Amino acid sequence: MHPLDMPHGTLSMWYIFHFYLFGALAIVSAILFVTRKSPVAAALWLVSTMFCLAVLYILLDAQFIGAIQVLVYAGAIMVVFLFVIMLLNLGQGVRNDARGIGWKLVAGAVGLALLAQVFAVTRGHTPATLTLPQGFAALQVAQTGAIAPIAAPLFHQYLLAFEVTSILLLAAIVGAVVLGKQRDPNAG
C-alpha cells in the first residue's frame, strides 16, 4: 500500500517526524537562500534546499525522482551556478556571511544531527506499511515496461513539486544575472 493511500493516523511517528523535519529544513534553507548577501553562501543554502526536497521525494516513495533531484539539481546545476559565481567574481566584498564562530557551531551541530539521522535510519526497521510486496517492482515492469513506473509518478503525482523546483532554479538564475549586472558605485 502506498503511504499516501493509507488512512489518516496509520503512518509511523518516524515517518511523520522526518517528513515535517525535512519540510521545515527545506523552508528554512530556502529563506536563508534568498536572504544571504554572499552569492556563494546563497548557492550553498540552495543545495541544502535541494537535498531536503530530495529527502521529501524519497519519503513520498519517489526514490528515482529523489535521486535525480540530487544528481541533476544539487549536483550538476549547482556546479554551474558556483562556476558562474566564481567566473564573475561575485563572492568578493562579503566576507563575514558564514565565517563567524556561531555559524561554525551551527554547522557542527547540523553535522552531528545528520550523523545521528543516518545512524537511526540504518539501525531502524522500515514499517510494513511503507514497504512494497515481494516482486512488486518486477511485476510492474513486466506489465507496463521500465519507463512507465518512473515517468508516471513524475508527470502525475509529483508534477507540481517538480515544476516548483524548476521555478526555484529559474529564480536563482535570474538572481545570479541581477547580481552579475550590478555596477560597482566606486567604478565611475
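Exactly one condition in (1) at positive phi; (2) touching a Ser or Thr at 6+ places or on another chain (Cβ under 8 Å) is false for D61; which is it?
Looking at each condition in turn, D61 falls short on (2).
Looking at (1) of a type outside the set (F, W, Y); (2) outside any loop (DSSP other than H, G, I, E, B); (3) at pLDDT 75 or above, which one does Q157 not meet, given that it meets all the others?
The single condition Q157 does not satisfy is (2).
Could you tell me whether the range 30-40 includes any residue that is at pLDDT 85 or above and closer than 27 Å to P153 by Cα? I'd like the intermediate steps shown before the answer.
Narrowing the range 30-40 to residues at pLDDT 85 or above: 30-36.
Checking the rest, the ones that are also closer than 27 Å to P153 by Cα come to 30.
Yes; the residues of the range 30-40 include at least one that is at pLDDT 85 or above and closer than 27 Å to P153 by Cα.
Restricting to the range 10-31, count the residues that are within 19 Å of S48 (Cα to Cα) and either surrounded by fewer than 17 Cβ atoms within 10 Å (Cβ to Cβ) or in contact (Cβ under 8 Å) with a residue 24 or more places away in the chain (or both).
So the count comes out to 14.
The values are calculated or read from the model by the stated rules, or taken from the named source; none is laboratory data. As the structure is a prediction and not an experimental result, all values here were calculated from the model. Because the Cβ atoms are built from the backbone with ideal geometry, glycine has one as well, and the counts that use them run over all protein chains shown.
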